[in-house]
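Some notes on the structure that comes next.
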Amino acid sequence: MAALLLGPYWAEIGRRIRDARVGAGLTQDELAGAVGLTRASIANVEAGRQVVDALRLALIAKATGMTCDALASVLEPASPAVG
């Protein structure tokens, strides 16, 4: 079965989380323990297969020494057309 990808917005957030984790010298297990998720969940978030809620994003940012803005504001999610 092919992996479900949530789109470029979540893939980019996952890439930034992975980069922040590696930059902070943390393993997936260590980050998972710091934010109350499993290692598998961290792997899925980093791969863009799982979304992360605002609380977890804040905890990830704190654990990696980043800001939520730095992790999540690069792209705007697609919004429905108004009109």
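Some points to look at:
- Normalised by 2.2 N^0.38 Å, where N is the number of residues, the C-alpha radius of gyration of region 8-70 stands at 0.94.
- Gained length - residue 15 relative to residue 67, 0.36 nm times residue gap less alpha-carbon distance: 17.2 nm
Just so you know, all these numbers are worked out from the coordinates, no wet-lab data involved. Remember, predicted model here, so these are calculated numbers, not experimental data.
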